Amino acid sequence: MSELLVTADGPVLRVVFNRPGQHNALTWAMWDGLHDACERADDDPGIKLLVLSGAGGRAFVAGTDISQFATFGGGEDGIAYEAKVQRVIDRLERVKVPTVAVVQGYCVGGGLVVAAACDLRLAVPGARFGAPIARTLGNCLSMNTYSLLVHHLGPARTLDMLLRARMYTAEEAHAAGFVAELCEPDDLPARQAETEERLLSHAPLSMWAAKEAVRRLRVANLPDADDLVAAVFGSADFHAAVPAFLAKEKVTWQGR
């Protein structure tokens, strides 16, 4: 079965991350498939809404599949990886129709970034949001991703989440404004349907202008950070942490 299910349901294009046994961790093919889905949403005039969700109920997306980092040889691989992610995230953020992330379970790392690039997020109380890389892999994020998190959470919450490797509860994410609506699992299908119906009933160009204006405000004067990415992904800490994570072993951080 496909790792990424993309289906048109009338005017709604539904994307389901479909690796429930791996908490829907993203492979390179899934990243590429998400980009293709964004292209399809804009190319098909019958599509008026893009909805993303995760299969299995235990995760939206639990980051990028860590096994793919095992081949990284230095900082340039980190720059190439973050550029690949940014290409997809930028495309998702630029989709002309409204985008909704429906979150159950873990929304971590790359999954947090995907959800942050959507226009609206619905979640259940059991959802968890974070990027605990300071505790797990010792890598870093792209400048675009830091900007997205600061845009949604503010600098204080972003640093709290990243430095303490904190997983925010759905209630905390809702209080911060990141989650637009928090509802019980049994109520989620009805609340999702109501959200979709409301968006489908509104003026497409008005919604597009609002989306694009907010995006332009966020990315204005976005600085480069390839030096940060190269330094961290090229570090001895990162190269020790990846095999340790895969072997479920503890890593000793050296700061180099």
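Rule-based calculations on the coordinates, nothing more; no lab input. Values in this document were obtained by computation on a predicted structure and should not be read as measured data. With ideal geometry, Cβ positions are generated from the backbone for all residues, glycine too; neighbour counts draw on all protein chains shown.
See the values below:
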item	result
Output for the stretch 1-31, where each listed residue is free of Cβ contacts under 8 Å to residues at least 40 places away in the same chain and either part of a helix (DSSP H, G or I) or touching a Cys at 6+ places or on another chain (Cβ under 6 Å) (or both)	Pro20, Gly21, Ala29, Met30
Exclusive hit being touching an Asp or Glu at 6+ places or on another chain (Cβ under 8 Å), under 24 Å from Gly234 (Cβ atoms) and either of a type in the set (Ser, Thr, Tyr) or in a helix (DSSP H, G or I) (or both), set Ile89, Ile79	Ile79
Residue that is surrounded by the most Cβ atoms within 10 Å (Cβ to Cβ) [pool: residues in the stretch 113-135 that are touching a helix residue (DSSP H, G or I) at 6+ places or on another chain (Cβ under 6 Å) and more than 22 Å from Glu93 (Cβ to Cβ)]	Val124
Residues of the stretch 216-248 that turn out to be closer than 14 Å to Tyr146 by Cα and surrounded by 10 or more Cβ atoms within 10 Å (Cβ to Cβ), as a count	7
Qualifying residue in the stretch 230-248 (condition: more than 30 Å from Val100 (Cα to Cα), without any contact (Cβ under 8 Å) to a residue 40 or more places away in the chain, outside any helix (DSSP H, G or I) and not β-branched (Val, Ile, Thr))	yes
Test: residue in the stretch 192-214 that is surrounded by fewer than 13 Cβ atoms within 10 Å (Cβ to Cβ), assigned to a helix (DSSP H, G or I) and in contact with a Lys or Arg (Cβ under 8 Å, 6 or more places away or on another chain)	no
Any hit, the stretch 209-223, residues being in contact (Cβ under 8 Å) with a residue 60 or more places away in the chain and of a type in the set (Val, Ile, Thr)	yes
Residue list for the stretch 92-128, filter: out of contact with any Phe, Trp or Tyr (no Cβ under 6 Å at 6 or more places or on another chain), small (Gly, Ala, Ser) and over 14 Å from Arg215 (Cα atoms)	Ala101, Gly105, Gly109, Gly110, Ala115, Ala123, Gly126, Ala127
Residues of the stretch 80-92 classified as closer than 16 Å to Arg216 by Cβ and touching a strand residue (DSSP E or B) at 6+ places or on another chain (Cβ under 8 Å), total	1
Boolean, Leu149 is surrounded by 18 or more Cβ atoms within 10 Å (Cβ to Cβ), part of a helix (DSSP H, G or I), free of Cβ contacts under 8 Å to residues at least 60 places away in the same chain and touching a helix residue (DSSP H, G or I) at 6+ places or on another chain (Cβ under 7 Å)	yes
Conditions (1) under 28 Å from Asp224 (Cα atoms); (2) among the hydrophobic types (A, V, I, L, M, F, W, C); (3) within 14 Å of the chain's Cα centre (by Cα): number failed by Val100	(1)
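Quick grid of which residues meet (1) in contact with a Cys (Cβ under 9 Å, 6 or more places away or on another chain); (2) at negative phi:
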| site | (1), (2) |
| --- | --- |
| Ala173 | yes, yes |
| Gly177 | no, no |
| Pro185 | no, yes |
| Leu205 | no, yes |
| Ala210 | no, yes |
| Ala220 | no, yes |
| Val242 | no, yes |
